[in-house]
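A.B. asks: Please find one structure pasted underneath; my questions will follow.
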Amino acid sequence: MRSAVFGPTGIDVPLIGQGTWNLEHDDPDEVIAALDAGLDAGMTHIDTAELYGNGRVEEMIAPLVRRRRDEIFLVSKVLPQNASYEGTREACERTLARLGTDHLDVYLLHWRGRVPLEETFRAFEALQEAGKIRAFGVSNFDVDDLEEAVNLVGEGRIACNQVLYHLNERSIETRVIPWCREHGVAVVAYSPFGSGRFPSLRTGGGRVLASIAERRNVSPRQVALAFLVQQGQVFAIPKAANIEHVLDNASAGDLELTRAEMRALDDAFPVKPRRDLPVL
Ligand code: NAP
């Protein structure tokens, strides 16, 4: 599994991690077995949030976190409506209690809401000083939000920006990825398979994916993940609820595409002009 230093944290993180959104709908034993297999395969970055199942997902993965905490790069997120100074600190305590740990590796603001950013970041800094979080970051931020964030906390403090990024939604390549690269902020690609809308063989793009996959003797999903993380400073967090899917995704961490393959995918899935990020 290839890895890279995660923004300013200095921590080496695998390029492919594991998402947990909607896991509350899956069988709890299968979920733990899948995440366990993912950890064994090197996918140690586990992404969760207080939003997921209204806290149930954090509780669901707690047995794994308790058992293998030291191996996990654990990320969770505060909801914007909880992101006041006191609210953020309280939400973090609730998240830690549900997860059965005393610290997170990175704590993110899930998306920007009405609370002034300055309050949320002050809370993040207090949590960091107290040892409850090792680093903090943001999610769903466009370049204007990122500029504001850096003006508030300074360069080298924002660990990552977690954003929507898959083959049919490449708009972050225009401004967000270059900005993050320039400022040393890790980009984490969420919904890397389009959240269940993976390009099918009925589409031209799906056929290009399949033909590259066949030639390289890998799956189309591995090709898709490899394309995303090959942009540099980009990590991906696919969600998978069964072992077969997890192992398939983990193998993408070792797949390097050729320039010709990257070009073929670039042509098949053009960047569509639109604003940087979707409105949540
Ligand atoms: P996704 O990872 O794009 O797609 C998940 C879907 O792909 C599931 O239906 C899964 O099925 C299937 N799948 C996974 N691996 C597969 C494989 N190898 N072969 C076939 N099917 C496979 O969707 P996502 O959950 O939207 O995004 C991933 C993670 O990003 C989330 O879980 C969450 O942690 C994070 N996220 C963050 C935000 C944010 O606002 N910050 C928003 C959305 C998501 P099975 O489950 O049956 O394996």
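The values are calculated or read from the model by the stated rules, or taken from the named source; none is laboratory data. All of these numbers come straight from a predicted model, not from anything done at the bench. Reconstructed Cβ throughout: ideal geometry from the backbone, glycine too, with neighbour counts over all protein chains shown. The protein model used for the area step is the full one, side chains on, heavy atoms only, and it has no ligands, DNA or RNA in it. Shrake-Rupley method; radii C 1.70, N 1.55, O 1.52, S 1.80 Å.
A.B. asks: Only one residue in A97, A83, A130, A91 is without any contact (Cβ under 8 Å) to a residue 12 or more places away in the chain and within 17 Å of A49 (Cα to Cα), so which one is that?
C.D. replies: A97
A.B. asks: Mind counting the residues in region 224-280 that are aliphatic (A, V, I, L, M), modelled with pLDDT of 95 or more, assigned to a loop (DSSP other than H, G, I, E, B) and more than 16 Å from the ligand (Cβ to nearest atom)?
C.D. replies: The total comes to 1.
A.B. asks: Within region 146-163, take every residue that is open to solvent by less than 30 Å² (accessible area, probe 1.4 Å) and more than 26 Å from E58 (Cα to Cα) and give me the one that is farthest from the ligand (Cβ to nearest atom).
C.D. replies: G154
A.B. asks: Let me ask something else. So is A49 of a type outside the set (D, E), part of a loop (DSSP other than H, G, I, E, B), touching a strand residue (DSSP E or B) at 6+ places or on another chain (Cβ under 7 Å) and closer than 29 Å to E129 by Cβ or not?
C.D. replies: Spelling it out, A49 is indeed of a type outside the set (D, E), part of a loop (DSSP other than H, G, I, E, B), touching a strand residue (DSSP E or B) at 6+ places or on another chain (Cβ under 7 Å) and closer than 29 Å to E129 by Cβ.
A.B. asks: Going through region 22-36 one residue at a time, which ones are surrounded by fewer than 19 Cβ atoms within 10 Å (Cβ to Cβ) and either away from the ligand (no atom under 11 Å from the Cβ) or assigned to a helix (DSSP H, G or I) (or both)?
C.D. replies: E24, H25, P28, D29, E30, I32, A33, D36
A.B. asks: Could you run through region 116-133 and say how many residues are surrounded by fewer than 19 Cβ atoms within 10 Å (Cβ to Cβ) and in a loop (DSSP other than H, G, I, E, B)?
C.D. replies: Adding up the residues that qualify gives 3.
A.B. asks: Given the criterion modelled with pLDDT under 95, among the charged types (D, E, K, R) and within 16 Å of the ligand (Cβ to nearest atom), identify the matching residue among R170, R197.
C.D. replies: Criteria check complete, one pass: R197.
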